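Novice: The structure follows.
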Amino acid sequence: MILNSLKILTGQIEVLTGLHIGASHADIEIGGLDNPIIKDPWTRLPYIPGSSLKGKLRSLMEMKTGKFTEDGKPCDCAEPTCPICPVFGTSAKKRPANLGPTRIIVRDAYLSKKWKKLFEEGELIPEVKYENAINRINGVANPRPLERVPAGVEFDFSISFKVFDTDRSEYFDTVLKAMAMLESDALGGAGSRGCGQIRFVNVLIDNEKQAEDFLNSYRESSCSADTASKPSPRS
Ligand SMILES: [Zn+2]
């Protein structure tokens with residue numbers, strides 16, 4: 001197999017509702033908040049780990065195509081016809097030579113210039129949202145703080161994608177479909193409680209500016225199978 005091209009997708013991820021990508025327990029500071037967001041260890045500025053973005057894109061496509069194991073583990077079939085494995089990768093020991101390397105590389109997304117400056121100058125800080133867990137018996141509220149990147153903030157994202165001569169054209173479409181699905185889903189934690197709505201803006205594919213609504217066409221095709229697969233009501 002021959003590497004025909006490297007597609008480069010860049011642009012911004014705009015936070016529409018507070019974004020909470022949690023830090024690991026090892027990163028939690030003594031005396032700090034219970035639910036902090038992940039921050040760059042050097043700059044202490046919030047960022048979106050490439051692994052979080054890639055994992056979310058993958059899991060959405062797995063749900064969409066039913067490609068996950070019975071116990072909910074990621075697909076690891078390593079078949080070239082799989083919509084997931086060639087694009088997002090398999091475990092090293094399962095990968096056959098004819099599958100080639102994982103096509104997608106998702107970089108860490110750092111704050112866009114304007115927002116980085118505001119955070120550095122202290123003009124903007126992560127917000128703390130207090131959520132109440134209500135005791136159903138005595139009605140007592142137990143507030144818990146959740147740190148979030150405020151709505152409006154933008155991060156620069158970059159995705160690189162390998163295209164081999166033997167690849168199916170659906171491979172790259174998988175990425176765009178997953179991005180369209182993510183806009184209707186949520187990134188990071190507490191998505192079911194309103195966090196993590198995002199959208200991709202100013203998207204360039206190989207330096208070519210895309211229309212602001214270009215993901216819509218991928219959204220429609222990615223959702224059409226839902227209605228098609230529904231059993232028709234019996235008369
Ligand atoms: Zn697979």
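The values are calculated or read from the model by the stated rules, or taken from the named source; none is laboratory data. This structure is a prediction, so every number in the text was calculated from the model and none was measured. As a convention, Cβ positions derive from the backbone with ideal geometry for all residues, glycine included, and neighbour counts pool all protein chains shown.
Novice: Looking at the range 199-216, is at least one residue at pLDDT below 90, in a helix (DSSP H, G or I) and not basic (Lys, Arg)?
Specialist: For the range 199-216, residues at pLDDT below 90, in a helix (DSSP H, G or I) and not basic (Lys, Arg): absent.
Novice: Is there any pair linking a residue in the range 39-57 that is outside any helix (DSSP H, G or I) to one that is hydroxyl-bearing (Ser, Thr, Tyr), with Cβ under 6 Å and at least six apart or on different chains, and which?
Specialist: Asp40/Tyr47; Tyr47/Tyr110
Novice: Scan the range 98-121 and tell me whether some residue there is over 30 Å from Pro143 (Cβ atoms), surrounded by fewer than 17 Cβ atoms within 10 Å (Cβ to Cβ), modelled with pLDDT under 95 and of a type in the set (A, V, I, L, M, F, W, C).
Specialist: Scanning the range 98-121, I find no residue that is over 30 Å from Pro143 (Cβ atoms), surrounded by fewer than 17 Cβ atoms within 10 Å (Cβ to Cβ), modelled with pLDDT under 95 and of a type in the set (A, V, I, L, M, F, W, C), so the answer is no.
Novice: Given the conditions (1) of a type in the set (Asp, Glu); (2) in contact with a Ser or Thr (Cβ under 9 Å, 6 or more places away or on another chain); (3) surrounded by 20 or more Cβ atoms within 10 Å (Cβ to Cβ), and given that Asp76 satisfies all but one, which numbered condition is not satisfied?
Specialist: Of the numbered conditions (1) of a type in the set (Asp, Glu); (2) in contact with a Ser or Thr (Cβ under 9 Å, 6 or more places away or on another chain); (3) surrounded by 20 or more Cβ atoms within 10 Å (Cβ to Cβ), the odd one out for Asp76 is (3).
Novice: For the range 81-101, what are the residues that are touching a residue at least 40 places away in the same chain (Cβ under 8 Å) and in contact with a helix residue (DSSP H, G or I) (Cβ under 8 Å, 6 or more places away or on another chain)?
Specialist: Selection gives Pro83, Ile84, Pro86, Val87, Gly100.
Novice: Continuing with this model, one more query. Looking at the range 94-106, can you tell me whether even one residue there is more than 23 Å from Ile205 (Cα to Cα), part of a helix (DSSP H, G or I) and not aliphatic (A, V, I, L, M)?
Specialist: Looking for residues that are more than 23 Å from Ile205 (Cα to Cα), part of a helix (DSSP H, G or I) and not aliphatic (A, V, I, L, M), one finds at least one in the range 94-106, hence yes.
Novice: Of everything in the range 80-97 that's exposed (fewer than 14 other Cβ atoms within 10 Å of the Cβ) and either within 14 Å of the ligand (Cβ to nearest atom) or small (Gly, Ala, Ser) (or both), which residue is nearest to the chain's Cα centre (by Cα)?
Specialist: Once the filter is applied, the top-ranked residue is Ser91.
Novice: Something else: Given the conditions (1) closer than 30 Å to Asn4 by Cα; (2) surrounded by 21 or more Cβ atoms within 10 Å (Cβ to Cβ), which single one is not true for Ala186?
Specialist: Going through the list (1) closer than 30 Å to Asn4 by Cα; (2) surrounded by 21 or more Cβ atoms within 10 Å (Cβ to Cβ), Ala186 breaks only (1).
Novice: Hey, Glu127 hits all of (1) without any contact (Cβ under 8 Å) to a residue 24 or more places away in the chain; (2) closer than 27 Å to Gly189 by Cβ but one; which does it fall short on?
Specialist: Answer for Glu127: the failing condition is (1).
Novice: Of all residues being surrounded by fewer than 20 Cβ atoms within 10 Å (Cβ to Cβ) and either at pLDDT 85 or above or in a helix (DSSP H, G or I) (or both) in the range 58-72, which is nearest to the ligand (Cβ to nearest atom)? Just the residue, please.
Specialist: If we take residues in the range 58-72 being surrounded by fewer than 20 Cβ atoms within 10 Å (Cβ to Cβ) and either at pLDDT 85 or above or in a helix (DSSP H, G or I) (or both), then Lys67 is nearest to the ligand (Cβ to nearest atom).
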